[in-house]
Each structure stands twice: as C-alpha cells, then as structure tokens.
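Student: Below is one structure. I have some questions about it.
The values are calculated or read from the model by the stated rules, or taken from the named source; none is laboratory data. Please read all numbers here as calculations on a predicted model, not as lab measurements. We place every Cβ from the backbone using ideal geometry, glycine too, and count neighbours over all the protein chains shown. Heads up: the accessible areas ignore ligands, DNA and RNA and are worked out on the full protein's heavy atoms, side chains in. Shrake-Rupley method; radii C 1.70, N 1.55, O 1.52, S 1.80 Å.
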Amino acid sequence: MPKEYVVMGATLKCPMGSATSKLMMTPQHRVQSGGKFKASIGDAKPFVNIMPFGTCKSMANPTVAAATAAASGVLQQMPCTPVCSVWIGGKTDFLVDGMPALMTNDKLLCTFGVGMIEIKDSGQGSPPPSPPPPPPPAPGSLSNEEAREWYHEQLDDIPNKIDKSLPLEGQAKQASELRNQIRTDTRTAMKDQDLAKKLFAERPNQPFESYVKKYSAPGRSMDDVYRKIIEKSQQSDPTVDKIFGLIR
C-alpha cells in the first residue's frame, strides 16, 4: 500500500481482534485533508481514537486468560479493551497539532496484543465513519433478568449486523462471532459472577468449525449448513432461559 496521510475513518486491524475498527477523531483537530481531520501519532487514545476490535483472543489479556482457565482451557474470546499509548513512526517533517502526522505504514502496540495494530487503509477514500455503536453494559451492572433480556435484544439484532455482501460462509462466521461476543458481554455484565463463571465453564463459546460439524448432515449442502448457523445464532438456549426464569 502506498504511503499516505491517515485521516478520520481509516480502517485499523489488530491481529488479536475479531473485527476491524475505525480511527476516530475529536473536534479539536484543526488540520484537514479532503474535508477530513488528519491524524497524528498521538491519536492513539483507547475509546477516543482507538475503538475496540470486537473480541480479543490474546492470552496476554487477563480477562481472556481467566475466562479460558474457567472453561478448562478452551479459548474464550473476551471484549476487546485496547491498551495503547502512541503510534510508532510518523512523518516528522509535517506536524499535525504539534505532533508528527500519522502515515499508513505506522504501527501501534497494544499491551494485551501479540503483534501490532496496523492501518489497512488511510480513510481518504472512504466516507466519514458512523458513530461507534454503544458499548456493552458495564461489568457487574445487570441483574440476571436484565442480563438475559439484554442478551435476547442483541440476538434479535444479529441479522442487522451481518454483512450481506459476504458469501454465505462469511455471513455464518460473522453470525457465530457476534453470538459469541454477545454471550461474553452478557456474562461479563452480570452481577452474579458465580453464575457467570459457571456458564463460562459449562457452556463455553465454541469455534465456528464446531457449528459446521454440528449442523452438517448427509444430503445437506454447505450453503444449508451456513444458513442453519445463521438461524441458530439468533436463538437462545431454552435451558439457560429457564435458569434465568425467562420463557421465550
């Protein structure tokens, strides 16, 4: 990729995250390119400039390590919480608000990651990003009933979050990842962490391949398997609903 100035809306990728993210900027920026704010190497503040990359699979992340241990060693991806300070690199002969301009070949280290956050595109050719989605409920903030109701609301919204331009396999993977992230966010938000840990241990998140195997059957095409995964991603486990005293 040719070296370019990075602007608001640039696409970022973390090797430990399940999704890409968009670089966000604050109104205090004064330098623009093509009507978009130019970024500097200082635009690396978590949850201000650097938004979460879906779920994290790095065992250097304490929440991932703890959830994986509780699930008897089965990797449990947990909500991404970027921990970073400043981009490495920058164009020192062009300053943006007093700091070197951010370029597409610059990298950013996350304390919890293995590898570097990279810039996949400069953002100059993309429309301004939409505001980031609302964050999940705060850890330990929901009663069991509130947590389960929020869980159902998020499952119902999965069809609206799937990229329909992807082939069916890609849509099924996305649905599976969304379901796992929703499940993780819900359990993290529960006040009753004893029950949450029990659910992590007894009903851990499963990799996409396990669902392919589960729904494969003689005479069933792979497209039908992917459709089944998408369908099931939107359905809750009735036995868990019963634990929470909910009937759906």
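Student: Are there any pairs with C-beta distances below 6 angstrom linking a residue in the stretch 110-124 that is touching a residue at least 12 places away in the same chain (Cβ under 8 Å) and closer than 15 Å to residue 40 by Cα to a residue that is open to solvent by 20 Å² or more (accessible area, probe 1.4 Å) and not hydrophobic (A, V, I, L, M, F, W, C), with the two at least 6 apart or on different chains, and if so which?
Tutor: 118/13; 122/4; 124/34
Student: While we're looking at this one, here's another question. When you go through 73, 54, 42, 89 one by one, which is the residue that is closer than 23 Å to residue 184 by Cβ and either in contact (Cβ under 8 Å) with a residue 40 or more places away in the chain or among the acidic types (Asp, Glu) (or both)?
Tutor: 54
Student: Another question about this same structure. Identify, please: which residue in the stretch 11-26 is within 15 Å of residue 45 (Cα to Cα) and either over 11 Å from the mean Cα position of the chain (by Cα) or open to solvent by 40 Å² or more (accessible area, probe 1.4 Å) (or both) and is, among those, modelled with the lowest pLDDT?
Tutor: Only one residue fits best here, namely 26.
Student: Just to be sure I understand the filter: pairs with C-beta atoms under 8 Å, separated by 6 or more residues or on different chains, first member in the stretch 174-188 and of a type in the set (A, V, I, L, M), second member outside any helix (DSSP H, G or I). Which pairs pass?
Tutor: That search, which allows pairs on different chains as well, returns 175/162; 175/234; 178/162.
Student: Here's another thing I want to ask about it. Answer yes if at least one residue in the stretch 164-172 is modelled with pLDDT of 90 or more, buried (at least 21 other Cβ atoms within 10 Å of the Cβ) and in a helix (DSSP H, G or I), and no otherwise.
Tutor: yes
Student: Next up: Go through (1) aromatic (Phe, Trp, Tyr); (2) crowded, with 17+ Cβ neighbours inside 10 Å; (3) touching a strand residue (DSSP E or B) at 6+ places or on another chain (Cβ under 6 Å) for residue 94 and report which single condition fails.
Tutor: Unmet condition: (2).
Student: Inside the stretch 64-81, can you point out the residues that are touching a Phe, Trp or Tyr at 6+ places or on another chain (Cβ under 9 Å), closer than 14 Å to residue 110 by Cβ and open to solvent by 10 Å² or more (accessible area, probe 1.4 Å)?
Tutor: 80, 81
Student: Mind checking which residues of the stretch 233-244 are open to solvent by 70 Å² or more (accessible area, probe 1.4 Å), under 22 Å from residue 163 (Cα atoms) and part of a helix (DSSP H, G or I)?
Tutor: Matches in the stretch 233-244: none.
Student: Residues in the stretch 101-114: is at least one among the hydroxyl-bearing types (Ser, Thr, Tyr) and either open to solvent by less than 20 Å² (accessible area, probe 1.4 Å) or part of a helix (DSSP H, G or I) (or both)?
Tutor: Within the stretch 101-114 (the criterion being among the hydroxyl-bearing types (Ser, Thr, Tyr) and either open to solvent by less than 20 Å² (accessible area, probe 1.4 Å) or part of a helix (DSSP H, G or I) (or both)), the answer is yes, since at least one residue qualifies.
Student: Okay, next question. Tell me yes or no: at least one residue of the stretch 204-222 is under 27 Å from residue 52 (Cα atoms), among the small types (Gly, Ala, Ser), in a loop (DSSP other than H, G, I, E, B) and open to solvent by 50 Å² or more (accessible area, probe 1.4 Å).
Tutor: no
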